[in-house]
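Trainee: The structure follows.
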Amino acid sequence: MREYLGNILESGQTLSMEEVVGHMLVAIVIGVVIYLSYWITHVGSVYSKKFNVSLAMLTLLTTTVMTVIQDNIALSLGMVGALSIVRYRTAIKDSRDTAYIFWAIIAGICCGTGSYVIGAIGSGAVFILLLLLGRVKNDNRMLLVIRCAREKGMEIEAIVFKTFENKTKLRVKNSTEASIEFIYELSKKSYDKAHKTMPDVLDYIYNLGGIEYVNVVVQNDEIV
């Protein structure tokens, strides 16, 4: 029994230099594909060149780990123990980044185990999908911020709901003894529609008097 367990723990196949080089070359190619995909689908302040380089490195590193482990149980257990002491606290700014991390890891596993076809087909499918859908932006929400004299509060509320046809939502209402601040949420479509019917909508609010400021903020992926 002891000999049997020892054989299992020590089992593992030795790869030739050509196979190891093949694993690494395929991993580099897929890593470049992941790099290009992230670069194409992320624009503006959301794009992080350091994170993109890390994705390509993660693919190669995962391939290296899987090439070392293969079917050696002893090495796999040791690797799990070594990695379990590391705590990862990378801040994810975009939910798509999680998908890219999994893509890099899975591609590295495929390359490290010699499953080139599966890794290539899977990476190609993900690349095409992200190319078609990856540049979606969340720019449909807007915030209308108005700060005015306290006695103008009810008048401002009436005008805002009338101008935007009751399609605004009052999110925040801050008040002091002398002033009051409203933060409304509305869709870009509602704002554009109101702006077409009343091009000087902001000037109209200022003409009421007692207005300290009126701000319009677009909530999209560029705000981090």
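Trainee: Here is a check on your reading of the model: is G108 outside any helix (DSSP H, G or I), assigned by TED's automatic domain parsing to the domain that holds V65 and out of contact with any strand residue (DSSP E or B) (no Cβ under 9 Å at 6 or more places or on another chain)?
Mentor: no
Trainee: A follow-up question, please. Return a yes/no flag: does segment 180-197 have any residue that is within 19 Å of Y213 (Cβ to Cβ), in contact with a Lys or Arg (Cβ under 9 Å, 6 or more places away or on another chain) and charged (D, E, K, R).
Mentor: Yes, there is a match, as at least one residue in segment 180-197 is within 19 Å of Y213 (Cβ to Cβ), in contact with a Lys or Arg (Cβ under 9 Å, 6 or more places away or on another chain) and charged (D, E, K, R).
Trainee: Counting only residues that are closer than 16 Å to I101 by Cβ, touching a residue at least 12 places away in the same chain (Cβ under 8 Å) and surrounded by fewer than 19 Cβ atoms within 10 Å (Cβ to Cβ), how many does segment 53-69 have?
Mentor: Total meeting the criteria: 4.
Trainee: Suppose the filter is assigned to a strand (DSSP E or B), of a type outside the set (S, T, Y) and free of Cβ contacts under 8 Å to residues at least 60 places away in the same chain; does E181 pass it?
Mentor: In short, yes.
Trainee: Another question, then. Within segment 189-197, can one find any residue that is out of contact with any helix residue (DSSP H, G or I) (no Cβ under 8 Å at 6 or more places or on another chain) and modelled with pLDDT of 80 or more?
Mentor: Among the residues of segment 189-197, not one is out of contact with any helix residue (DSSP H, G or I) (no Cβ under 8 Å at 6 or more places or on another chain) and modelled with pLDDT of 80 or more, which makes the answer no.
Trainee: Out of M24, M17, I need the residue that is at pLDDT 85 or above, under 18 Å from T67 (Cα atoms) and in the same structural domain as A99 (by TED's automatic domain parsing). Which one?
Mentor: M24
Trainee: Determine whether G124 is crowded, with 16+ Cβ neighbours inside 10 Å and closer than 30 Å to H23 by Cα.
Mentor: No.
Trainee: Is at least one residue of segment 121-144 small (G, A, S), at pLDDT 80 or above and either in a strand (DSSP E or B) or more than 27 Å from the chain's Cα centre (by Cα) (or both)?
Mentor: No: segment 121-144 contains no residue that is small (G, A, S), at pLDDT 80 or above and either in a strand (DSSP E or B) or more than 27 Å from the chain's Cα centre (by Cα) (or both).
Trainee: Can you name the number of the only condition in (1) at pLDDT 85 or above; (2) of a type in the set (D, E, K, R); (3) more than 15 Å from L208 (Cα to Cα) that R147 fails?
Mentor: That leaves (3) as the condition not met.
Trainee: Modelled with pLDDT under 85, surrounded by fewer than 13 Cβ atoms within 10 Å (Cβ to Cβ) and assigned to a loop (DSSP other than H, G, I, E, B): does that describe V86?
Mentor: Spelling it out, V86 is indeed modelled with pLDDT under 85, surrounded by fewer than 13 Cβ atoms within 10 Å (Cβ to Cβ) and assigned to a loop (DSSP other than H, G, I, E, B).
Trainee: Looking at the structure I just gave you, is E212 at pLDDT 80 or above and farther than 11 Å from L144 by Cα?
Mentor: Against the criterion (at pLDDT 80 or above and farther than 11 Å from L144 by Cα), E212 qualifies.
The values are calculated or read from the model by the stated rules, or taken from the named source; none is laboratory data. It should be emphasised that the depicted structure is a prediction, and the values quoted were computed from it without experimental measurement. Neighbour counts are summed over all protein chains in view; Cβ atoms, including those assigned to glycine, are modelled from backbone coordinates with ideal geometry.
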